[in-house]
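> One structure, pasted below without further comment.
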Amino acid sequence: MRFLSVTTWSLNRLLGSLQWNEWDDAHKKIVTRVEEKPEVHSLLELPQLLVEKGYEAMEVIHPHFPSTELSYLEELRQAVEKAGIRFYTLLIDYGDISSEDPLRQAADVQFLKEWIDVAAAVGAEHVRIIGGEAEPDAKKQLQTASEQLNEICSYAQTKGVGVLTENFKRLTSTAENCLYLNEQTAIAGLITDFGNFSGESKLHSIQETLPHSKSIHVKALQLDDGSIDQAELEQCLELVVQGDYSGPLTIVYDGPDDMWSGIKDVEEIAKYYL
């Protein structure tokens, strides 16, 4: 069964300030950079709002969490449960598990485990771990990423949280590397983002990762006039149907226009492939 979901990245100009994490190589530590944004909707209000708009699930990027205090996480869990929406994935937007720097390895793995704790506290079914920042042909770093991912999976299992990785960032920009991590680790599966494969091999890459995907990020390309490339998006969605994919179709809008309108434009195409 396929159902509609949305990622909070699609609302990144409406949910308040973003707390981005970055690696400070000079001081060998993780730092936080705040990107100020207006708060039209709070994260606590979002579950009910999404249900009212017909969504069955949501995926939340970790920078949208204004707090990780246990009292706040309990409030968010209650808001999710009251709304009756699935918190499908907590998308952790920091961490380089392919790094060969032992200090960064230790810091990033600890950071990721702490966010797995957050996922468990709010009732998220999965976390998304970035596959790595290394170049896609860096075989040693790919092996490092698989080892780190297995450690993270072991921890997540004790918390009842599934681990996914995605065709996101350099190391997992190829279907080959996504499939390697899927086969060599204990992850629950992949996220395939239409917008993160490109070139002549794009449709073939989607075909390869689809059978192993637990979530599809439905991101449309934009034409020069700013409109959606509907024909290209429909080609991608047709592969979802042909592959008998079951799971969320998570709407991703990353354009400059009104975010709710942009989400709706993508949804109007995606709903025919449920």
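> So, in region 1-15, how many residues would count as being of a type outside the set (A, V, I, L, M) and buried (at least 21 other Cβ atoms within 10 Å of the Cβ)?
Going through region 1-15 one residue at a time, the tally reaches 5.
> Take the residues in region 227-245 that are of a type outside the set (D, E, K, R) and out of contact with any Phe, Trp or Tyr (no Cβ under 9 Å at 6 or more places or on another chain); name whichever of them is surrounded by the most Cβ atoms within 10 Å (Cβ to Cβ).
Only one residue fits best here, namely Y245.
> Failed condition for I191, given (1) part of a helix (DSSP H, G or I); (2) surrounded by 15 or more Cβ atoms within 10 Å (Cβ to Cβ), with all others met?
Every listed condition holds for I191 apart from (1).
> Sticking with this one: For E238, which of the numbered conditions (1) under 14 Å from V6 (Cα atoms); (2) assigned to a helix (DSSP H, G or I); (3) of a type outside the set (K, R) fails to hold?
(1)
> Further, regarding this structure: Any idea which of (1) among the acidic types (D, E); (2) closer than 23 Å to S261 by Cα; (3) without any contact (Cβ under 8 Å) to a residue 12 or more places away in the chain is the one E45 doesn't satisfy?
Result: E45 fails condition (3) only.
> Please work out which one of (1) buried (at least 21 other Cβ atoms within 10 Å of the Cβ); (2) closer than 28 Å to L70 by Cα; (3) in contact with a helix residue (DSSP H, G or I) (Cβ under 7 Å, 6 or more places away or on another chain); (4) not charged (D, E, K, R) is the condition G160 fails and give its number.
(1)
> Checking G226 against (1) within 24 Å of L91 (Cβ to Cβ); (2) of a type outside the set (D, E, K, R); (3) outside any strand (DSSP E or B), which test does it fail?
The one condition G226 does not meet is (1).
> Taking only region 5-62 into account, find how many residues are assigned to a strand (DSSP E or B) and within 17 Å of the chain's Cα centre (by Cα).
Residues in region 5-62 being assigned to a strand (DSSP E or B) and within 17 Å of the chain's Cα centre (by Cα): 13 in total.
> Could you give me the residue pairs with C-beta distances under 8 Å whose first residue belongs to region 250-268 and is assigned to a loop (DSSP other than H, G, I, E, B), whose second residue is among the hydroxyl-bearing types (S, T, Y) and surrounded by 13 or more Cβ atoms within 10 Å (Cβ to Cβ) wherever it lies, and which are 6+ apart or on separate chains?
Y253/S10; D254/S10
> Also, I was wondering about something else. Only residues that are under 12 Å from A124 (Cβ atoms) and buried (at least 19 other Cβ atoms within 10 Å of the Cβ): list them for region 62-85, please.
Hits for region 62-85 are H62, F65, L73, L76, V80, I85.
> Do you know which of the residues in region 88-115 that are within 13 Å of V60 (Cα to Cα) and of a type in the set (A, V, I, L, M) is surrounded by the most Cβ atoms within 10 Å (Cβ to Cβ)?
L91
> Can you tell me how many residues in region 87-134 are within 15 Å of H64 (Cα to Cα), among the β-branched types (V, I, T) and in a loop (DSSP other than H, G, I, E, B)?
The qualifying residues number 1.
No lab work stands behind these numbers, since they all come straight from the coordinates. The shown structure was predicted, so the numbers you read here are calculated from the model rather than taken from an experiment. For neighbour counting, all protein chains shown are included, and Cβ atoms are generated from backbone atoms with ideal geometry for every residue, glycine included.
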